[in-house]
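S.K.: Right, I'll just put the structure down here and ask away after.
The values are calculated or read from the model by the stated rules, or taken from the named source; none is laboratory data. The structure presented is a predicted model; accordingly, all values stated were derived computationally and were not measured. As a convention, Cβ positions derive from the backbone with ideal geometry for all residues, glycine included, and neighbour counts pool all protein chains shown.
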């Protein structure tokens, strides 16, 4: 059973009896290398050749894409993206390093774990936020080749080390390393070891999490459980709210800064049992262990330091095992779908009006209802109000797709949660709790950030189904209109919820700010829809709504849509600030309404032209959406 | 008004498609009469899928004209699109919908009302033996099930002309038998079917007329009997009693340039 149990689908079954996962070489003559025996193992001749082949494959994919204009655009966007991530990572690293330096040099060891926790959260949370924009290579394509499990595992764990989370998390770790080493140079080696294990643990953990999430999202039952867990987590996060609301010292005012030591003391007294418990728990978790092991060495406790580092190593191994368990199942060729069931009703006879069905009679039903009838139905069922027709069909389909896509719902819902949790930041502690006048538009702008991908790649979830848009008698502009209407509806619900949440946190907004914000939203929506339709037709990318990872994102689309959104925010900010400066916030409303009129016109023009654009680019659109590699 | 019966169901003239320097389809002219079961054959890369994409509006021809049911056809001919059904190469399914949801969606995209869509969906799912899988997402379907669903979607609006690109690929023998019966039923009721497949036995059994494309050019066109008599003199032993199979006809026509004998055996294979 070596071929099945050990090697599974990867082709090692060719190796015949005795060949395990690490001995994938086939019978003489089929082994690729031919006569000489291949070294097996994770760094054997075969594995090394496979790694090299994979690198070459990626290189060829990269250079081949450059043959097209879109590829060159992608390269530019990717370069810019990496520069941006690198810069952000450097800022985070510099901040973490400076903080670590201050804490270590002032011997405030008890706060050092906070820096590690920040690094940990960045490492684990950023991929969720950016997964759908990142292009990720699906390594499961390797399973058809004689790749040993260890090689597959190694590749999975370390492939894509250039992703955003690793860049940001890695630079954060590097910053901490520099900070601690500068403060206490003799800790250089130990800090290197502790941060090294911590970094590898993070790499394994993030991949394990995403591998399991992909697995859970692929089946209905686990998908629903995950959905419920997600909702519980989201609701639980709201419990943070009272703590944050009562957290003093957020204001940067002079009075606040002056009162900080007393406030910290008060917090410590008020929250000391909770903080003590949290501290005790975090000590045994990876970020706490990494920080504590450095502290133990600094305090001349090498045994304790080694123990902490060892425990961190155990966490690293555990993360590796969790990842290995998932990958092993994938390696063996698991079927993520439901197992095909024998149709119980296969032989059941179907009764049709006026006759007993046989295969012969049933075969004719398709012709009984003719396209002329379809035409009759079509003429009376074209618009939204009738509850039928293509517009509602597309909207219904979009709703179903969204409801089955946790990643998409998360992207839309997370900003709302953040608005609710952090909304109180706009209330000043000094001066009787005044609310920052432009809090509402700022919160609104933040709450609609999640729509960026939905607007700018609105054909992305169609996949191969995009062909139907071109095959059916429904014009592309009708499909885009339906999608736009659905997204506008979502947008409306989102901003309404955001408005309610902001009002709950900060009280009823000023009427001038409220009307100005509504007018700005009336401008932001059509312009985003118009730009989104253009981007969707010119630089689309296929999105698997059931996956968080292994997506084929488009950096160019992501970057340009971000810039478009930024432009809308800048216009809004400029108008609001100008009106605030002249002390007449009411002025913002007519300005935004005028802009909204222009934006609406642009949106209509884009919709009108969308048929021509789509038809001119339909082969590219179909090729992009239908490709499965 | 669309053309009535009597005109051709499909007519192309000088149909050409170029991709840069490559000419995938060149000067293809043929016609398919209403009610015909038309097989469109060719080796891999001959231009079959490119032709069917142009015929269904998925790809714009570089040159030439297409008429469907006597009317000029292009991507913007929406009225005509309602008269045709297509199972395209990629099946055009929506993975995140269930089969009933997908058929509802397709029915309404073709302008059927809700009640009609509902009724036909139920019938089609029963017919395709997919009714028990109605809660399963399409993405979880096997390839054969997806093919059946794609075919169901192609006929839900009762098209007059049906384009099928490899409809039997991955479909089990029982389902294939069912589908053949259904397609023959459609032909009996006057529909026209344009079929591409590599399974020549199916073409021989179902199709009355065949066209063969090779390297982008149409190399044969006519009824199977016409093609048989056309190549009879070139196939050794075919002059006597034995009827040539479609495979022999096909190989005789495209074999000379499409399928040459390998010069030597592969050196590393036993």
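S.K.: Counting only residues that are free of Cβ contacts under 8 Å to residues at least 40 places away in the same chain, assigned to a helix (DSSP H, G or I) and surrounded by fewer than 22 Cβ atoms within 10 Å (Cβ to Cβ), which one in the stretch B:139-154 is nearest to the other protein chains (Cβ to nearest Cβ)?
M.R.: Among those residues, the one meeting the criterion is B:140.
S.K.: Shifting gears a bit: Is it the case that residue B:14 is at pLDDT 90 or above, away from chain A (no Cβ under 14 Å), in contact with a strand residue (DSSP E or B) (Cβ under 8 Å, 6 or more places away or on another chain) and not in a loop (DSSP other than H, G, I, E, B)? Working first, answer last.
M.R.: Numbers: at pLDDT 90 or above: yes; away from chain A (no Cβ under 14 Å): yes; in contact with a strand residue (DSSP E or B) (Cβ under 8 Å, 6 or more places away or on another chain): yes; not in a loop (DSSP other than H, G, I, E, B): yes.
Taking the combined requirement at face value, the residue satisfies it.
S.K.: Answer with yes or no whether residue A:517 is buried (at least 21 other Cβ atoms within 10 Å of the Cβ), in contact (Cβ under 8 Å) with a residue 40 or more places away in the chain and under 15 Å from residue A:595 (Cα atoms). Spell out how you get there, then give the answer.
M.R.: Working: buried (at least 21 other Cβ atoms within 10 Å of the Cβ): yes; in contact (Cβ under 8 Å) with a residue 40 or more places away in the chain: yes; under 15 Å from residue A:595 (Cα atoms): yes.
Yes.
S.K.: Would you mind stating whether residue B:46 is in a loop (DSSP other than H, G, I, E, B), touching a strand residue (DSSP E or B) at 6+ places or on another chain (Cβ under 8 Å) and under 21 Å from residue B:16 (Cβ atoms)?
M.R.: Yes; evaluated as a whole, the condition is true for this residue.
S.K.: Moving on to the next point. Can you tell me which residue in the stretch A:572-612 is nearest to residue A:463 (Cα to Cα), limited to those that are within 14 Å of chain B (Cβ to nearest Cβ) and surrounded by fewer than 19 Cβ atoms within 10 Å (Cβ to Cβ)? Before the answer, list the steps.
M.R.: Narrowing the stretch A:572-612 to residues within 14 Å of chain B (Cβ to nearest Cβ): A:608-612.
From the residues that got through so far, the ones that are surrounded by fewer than 19 Cβ atoms within 10 Å (Cβ to Cβ) too are A:608-609, A:611-612.
On the way: A:608: 24, A:609: 23, A:611: 19, A:612: 21 Å.
Taking the candidates together, the pick is A:611.
S.K.: Go over the candidates A:545, A:590, A:526 one by one and state the one that is at pLDDT 85 or above, more than 18 Å from residue A:480 (Cβ to Cβ) and outside the structural domain of residue A:71 (by TED's automatic domain parsing). Outline the logic, then answer.
M.R.: Numbers: A:545 fails: at pLDDT 85 or above; A:526 fails: more than 18 Å from residue A:480 (Cβ to Cβ).
Within the list A:545, A:590, A:526, the selection yields A:590.
S.K.: Counting only residues that are more than 8 Å from every other protein chain (Cβ to nearest Cβ), buried (at least 21 other Cβ atoms within 10 Å of the Cβ), touching a residue at least 40 places away in the same chain (Cβ under 8 Å) and in a loop (DSSP other than H, G, I, E, B), how many does the stretch B:69-101 have?
M.R.: Residues in the stretch B:69-101 being more than 8 Å from every other protein chain (Cβ to nearest Cβ), buried (at least 21 other Cβ atoms within 10 Å of the Cβ), touching a residue at least 40 places away in the same chain (Cβ under 8 Å) and in a loop (DSSP other than H, G, I, E, B): 1 in total.
S.K.: Would you be able to say whether some residue in the stretch A:511-532 is in a helix (DSSP H, G or I) and over 28 Å from residue A:601 (Cα atoms)?
M.R.: Within the stretch A:511-532, the subset in a helix (DSSP H, G or I) is A:511-532.
Then keep just the ones that are over 28 Å from residue A:601 (Cα atoms); that gives none.
No, the stretch A:511-532 has no match at all.
S.K.: With a cut-off of at least 2 residues that are under 11 Å from residue B:37 (Cβ atoms), name the strands (runs of 3 or more DSSP E) lying wholly within the stretch B:181-233. If you could, list the steps in order and put the result at the bottom.
M.R.: On the way: elements: B:192-196, B:209-214, B:217-223.
Ranges flagged: B:192-196, B:209-214.
S.K.: Do the conditions hold for residue B:159, that is, is it more than 9 Å from every other protein chain (Cβ to nearest Cβ) and under 18 Å from residue B:36 (Cβ atoms)? Write out each step before concluding.
M.R.: Values: more than 9 Å from every other protein chain (Cβ to nearest Cβ): no; under 18 Å from residue B:36 (Cβ atoms): yes.
So residue B:159 fails the test.
S.K.: Quick one: count up the residues across the stretch A:161-172 that are part of a helix (DSSP H, G or I) and farther than 8 Å from residue A:93 by Cβ. First the steps, then the outcome.
M.R.: Initially, the stretch A:161-172 is screened for residues part of a helix (DSSP H, G or I), giving A:164-172.
Right, trim to farther than 8 Å from residue A:93 by Cβ and you get A:164-170.
Residues meeting the conditions: 7.
S.K.: I'd like the full set of residues that are assigned to a helix (DSSP H, G or I), modelled with pLDDT of 85 or more and facing chain A (nearest Cβ under 7 Å), limited to the stretch B:110-138. Please lay out each step first, then the result.
M.R.: Taking the stretch B:110-138 as the starting set, the residues that turn out to be assigned to a helix (DSSP H, G or I) are B:114-127, B:131-133, B:138.
Narrowing further to those that are modelled with pLDDT of 85 or more: B:115-127, B:131-133, B:138.
Selection gives B:116, B:120, B:123, B:126, B:127, B:131, B:132.
S.K.: Taking the stretch B:117-150 only, how many residues are closer than 11 Å to residue B:171 by Cβ and in contact with a strand residue (DSSP E or B) (Cβ under 9 Å, 6 or more places away or on another chain)?
M.R.: Looking only at that region, the number is 2.
S.K.: May I ask you to list the residues in the stretch A:430-480 that are outside any loop (DSSP other than H, G, I, E, B), surrounded by fewer than 22 Cβ atoms within 10 Å (Cβ to Cβ) and within 14 Å of chain B (Cβ to nearest Cβ)?
M.R.: Once the filter is applied, which keeps residues that are outside any loop (DSSP other than H, G, I, E, B), surrounded by fewer than 22 Cβ atoms within 10 Å (Cβ to Cβ) and within 14 Å of chain B (Cβ to nearest Cβ), the stretch A:430-480 yields only A:477.
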